[in-house]
1. Under the rule of -39500 (n - 2.57) per DSSP H run of 4 or more residues, summed and divided by the residues of the chain, what mean residue ellipticity at 222 nm is obtained, to the nearest 500 deg cm²/dmol?
2. Taking the Cβ of residue 50 as the center, what net charge do the other residues with Cβ under 13 Å away carry, scoring Lys and Arg +1 and Asp and Glu -1?
3. Taking H placed 1.01 Å from N in the peptide plane, check which residues at least 5 places from residue 148 or on another chain put their amide H under 5 Å from its amide H.
4. For the chain, report the % of Cα-Cα distances exceeding 20 Å.
5. When N is the residue count of the stretch 78-152, what does its C-alpha Rg come to as a fraction of 2.2 N^0.38 Å?
6. Convert each backbone phi in the stretch 48-61 into a coupling constant with the Karplus relation 6.51 cos²θ - 1.76 cosθ + 1.60 (shift: θ = phi - 60°), then list the ³J(HN,Hα) values in order as whole Hz, x for Gly and Pro.
7. Determine, for 22, 61, the number of other Cβ atoms within 10 Å of each Cβ, and report the residues in order from fewest to most.
8. Filter 9/152; 11/152; 98/121 down to the pairs with a C-alpha to C-alpha distance above 26 Å, please.
Amino acid sequence: MAAGITLEKQKLGELRAYFEEYAQDDVANARSGESLSVDAALSADGATLELLDLLEKAGPYGAGHPEPLFVLPRHLVASVRPVGRDHLKIGLRSQTGKTLDAIAFRAVNTPLGDMISGHQKRELHVAGHLSANHWNGRMTAQLRVVDAAAVK
């Protein structure tokens, strides 16, 4: 949401000071917690093979040029099931209803895996790397999950 105000130029400093004081506790709380630096927000709707192709062209990725880390905010954990050795296969659904498969490697019985499993049918913020999944002769986009956070 947005709002507009009209302000006399000489009162801009007072307004800024008011906002800084008003938000001081919230900013301090946010800074004291754990955080993860992400490169961009994405939704299941935008996780396409075309985007994967563009990301591939931007590579190669490595220590000096890390792979982009995306956050999918407020996605419903539509399904969670163990696959392979200690991995979780996750179905994420955007607010528009588009779904994206995700995989959390070695996540079974970990804090990350427990959080994801415990949020089935609820929303989470999920961070990860976009990759191609080749299965049964078909290629789709999927998210390799790195972290998740509860929606507050």
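1. Working: 3 runs with 39 residues, N = 152.
After summing the helix terms and dividing by the residues of the chain, the value is -8000 deg cm²/dmol.
2. On the way: positive: 57; negative: 45, 53, 56.
Neighbour charge sum, excluding residue 50 itself: -2.
3. Result for residue 148 returns 127.
4. Working: 6674 of 11476 pairs.
Percent of Cα pairs beyond 20 Å in the chain: 58.
5. Numbers: Rg = 11.9 Å, N = 75, 2.2 N^0.38 = 11.3 Å.
It is 1.05.
6. Calculated HN-Hα couplings, in order: 10, 5, 5, 5, 4, 4, 5, 5, 4, 5, 7, x, x, 9 Hz.
7. On the way: 22 10, 61 13.
So the ranking, lowest neighbour count to highest, is 22, 61.
8. Working: 9/152 36 Å; 11/152 34 Å; 98/121 15 Å.
From the list (9/152; 11/152; 98/121), the Cα-Cα distance tops 26 Å for 9/152; 11/152.
Computed from the coordinates by the stated procedures, all read-outs in this text should not be read as laboratory data. The shown structure was predicted, so the numbers you read here are calculated from the model rather than taken from an experiment. FYI the Cβ positions are ideal-geometry reconstructions off the backbone, even for glycines, and counts take in every protein chain you see.
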